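Down below is the structure, laid out as structure tokens.
The values are calculated or read from the model by the stated rules, or taken from the named source; none is laboratory data. Values in this document were obtained by computation on a predicted structure and should not be read as measured data. With ideal geometry, Cβ positions are generated from the backbone for all residues, glycine too; neighbour counts draw on all protein chains shown. Heavy atoms of the whole protein, side chains included, go into the accessibility calculation; ligands, DNA and RNA do not. Shrake-Rupley method; radii C 1.70, N 1.55, O 1.52, S 1.80 Å.
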Amino acid sequence: MTTSRLPGFYNLSINERLARLAEAAGLSPDDLSAFRFEGGIDADAANHMIENVVGIHGLPLGIGLNFMVNGRDVLVPMTIEEPSVVAGASFMAKLARAGGGFRASTTEPLMIGQMQVLDIANLQKAQAAILNKKAELIAEADQIDPVLKKFGGGARDLEVRLIEDSPIGEFLVVHLIYDVRDAMGANAVNTACEKLAPHIEQITGGRVHLRILSNLADRRLARAECTIPVDELAFNARDGSETRPYTGEQVRDGVIEAWAFAAADPYRAATHNKGIMNGVDAVVIATGNDWRAIEAGAHAYAARSGRYTSLSTWGKDEYGNLAGSLEMPMAVGTIGGATKVHPGAKAALKLMGVKTAAELAEIIVSVGLAQNLAALRALATEGIQRGHMSLHARQVAIAAGATGDMIEKVAAQMVAEKTIRIDRAEEILKSPGNR
Ligand code: MEV
């Protein structure tokens with residue numbers, strides 16, 4: 001039985017953290033050994049993944065603590081270069097835990113493949129002809145991936161859309177709806193569309209041009225909700241020697257007002273959603289999934305009404321507690337792609353004890369909601385810079401050439417002085433006693 005509550009984790013060395021992590025997740029240290037080598041992958045393995053490989057690009061891998069998703073404790077691997085993200089998610093997961101953790105769900109893993117049909121003499125007639133042959137076309141597409149079929153996936157539906165207003169005039173688009181089970185699904189769907197295209201041409205007398213999956217995966221949604229007991233939100237903000245107390249009600253209302261800004265204004269919504277993606281992408285990357293696909297789906301979904309808006313909602317429940325939800329497309333897989341060849345990604349899935357793509361999606365969307373709350377809470381109270389400052393100061397200290405104990409020393413001095421700049425870090429490093 002995994003516990004995601006690891007008090008004092010922050011104070012341990014990397015090796016101690018790894019040992020504690022394995023113990024907490026009921027794994028052997030070997031299960032997580034891929035986390036130890038840089039990037040979780042060696043150059044030989046990388047050489048098989050893409051072209052012209054000359055090396056590996058490393059990013060920090062941290063652990064999101066305190067997460068409870070659908071009653072299960074989960075330790076969340078997060079790959080990200082930005083300070084405060086892992087700490088913010090972990091802290092909000094702790095608050096959410098006091099309200100029972102995250103409740104998450106997914107729709108069926110249905111992906112959409114698109115076929116663009118051009119040069120049709122009579123669009124209405126062609127549309128009717130395709131729909132007439134729908135059962136036949138679905139049956140044909142269903143045979144294309146026997147492995148997916150074996151696991152219960154396959155073609156589910158076929159729709160025809162008329163695009164009336166385009167720079168090249170009218171044309172038809174056929175949507176193939178495909179259940180991809182635990183795969184991300186791009187390969188299966190692209191193959192199915194390519195195979196089906198000649199049959200569509202024969203039926204319509206037209207020309208099938210593009211045959212490709214849509215990243216607006218609005219049939220494959222993940223949703224998370226949480227309730228934060230209002231008293232848990234109370235805290236004392238510190239600014240130097242001054243303390244400013246915030247009541248739970250003040251923080252709750254501040255978060256709701258911050259969300260309303262994003263709900264109403266695309267300029268704010270873009271940043272608000274970026275905060276959500278800080279958490280989402282970190283887990284997507286750690287598990288070897290395609291974060292560009294997730295980004296594309298998220299922002300297209302956020303604009304589905306015709307006006308770009310917040311992916312999340314925040315309000316208060318009947319007891320005055322803060323209630324949040326996040327719904328977005330989540331085309332992630334636990335089989336195929338890098339998830340099965342990248343040793344670090346495999347270890348990440350193992351750490352979470354995730355067996356299905358749906359479980360992974362539920363965790364990811366919970367992290368996104370936690371991350372959103374971390375940002376809104378900070379913005380609605382003490383501002384984002386205070387939390388960022390000490391970690392940012394460390395990065396500036398490293399950039400200035402600090403190593404070992406000097407990193408903390410230089411960072412602490414810059415924070416105390418409220419001057420976090422590389423020239424100041426260099427001065428501190430050169431000052432007598434620090435050389
Ligand atoms: C920074 O990476 C993310 C935030 O800007 C998100 C937000 O403004 O909600 C803090």
* If we keep just the residues of the stretch 252-266 that are more than 21 Å from the chain's Cα centre (by Cα) and not aliphatic (A, V, I, L, M), which is most open to solvent (accessible area, probe 1.4 Å)? -> E257
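Looking at the structure I just gave you, is I398 more than 16 Å from the ligand (Cβ to nearest atom) and either on the phi > 0 side of the Ramachandran plot or open to solvent by 30 Å² or more (accessible area, probe 1.4 Å) (or both)?
When the stated conditions are applied, I398 passes them.
If we keep just the residues of the stretch 267-315 that are assigned to a loop (DSSP other than H, G, I, E, B) and without any contact (Cβ under 8 Å) to a residue 12 or more places away in the chain, which is most open to solvent (accessible area, probe 1.4 Å)? Explain how you work it out, then say what you get.
Of all residues in the stretch 267-315, those assigned to a loop (DSSP other than H, G, I, E, B) come to 287-290, 303-311.
Within this subset, residues satisfying the condition of being without any contact (Cβ under 8 Å) to a residue 12 or more places away in the chain are 303, 305-306.
Details: A303: 40, S305: 96, G306: 74 Å².
Top of the filtered list is S305.
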* Candidate set from the stretch 367-386 (those that are more than 16 Å from N273 (Cβ to Cβ) and open to solvent by less than 40 Å² (accessible area, probe 1.4 Å)); member that is farthest from the ligand (Cβ to nearest atom) -> T381
* Give me the pairs: first residue in the stretch 253-264 and touching a residue at least 40 places away in the same chain (Cβ under 8 Å) and among the aromatic types (F, W, Y), second residue within 13 Å of the ligand (Cβ to nearest atom) and assigned to a helix (DSSP H, G or I), beta-carbon distance under 8 Å, and six or more apart or on different chains, which are they? -> W259/H272; W259/L376
* Which of (1) within 16 Å of the ligand (Cβ to nearest atom); (2) aliphatic (A, V, I, L, M); (3) at pLDDT 95 or above does A357 not meet, given it meets every other one? -> (1)
* Could you please give the count of residues in the stretch 222-254 that are touching a Gly at 6+ places or on another chain (Cβ under 8 Å) and under 30 Å from V332 (Cα atoms)? => 5
* **Any chance A425 is open to solvent by less than 60 Å² (accessible area, probe 1.4 Å) and away from the ligand (no atom under 16 Å from the Cβ)** => yes
* Among residues belonging to the stretch 107-136 that are touching a helix residue (DSSP H, G or I) at 6+ places or on another chain (Cβ under 6 Å) and assigned to a helix (DSSP H, G or I), point out the one that is most open to solvent (accessible area, probe 1.4 Å). => A129
* Across the stretch 401-411, what is the total count of residues that are assigned to a helix (DSSP H, G or I), more than 32 Å from the chain's Cα centre (by Cα) and either within 16 Å of the ligand (Cβ to nearest atom) or surrounded by fewer than 17 Cβ atoms within 10 Å (Cβ to Cβ) (or both)? -> 2
* Any chance you could count how many residues in the stretch 359-401 are over 20 Å from I63 (Cβ atoms), touching an Asp or Glu at 6+ places or on another chain (Cβ under 8 Å) and in contact (Cβ under 8 Å) with a residue 40 or more places away in the chain? => 3
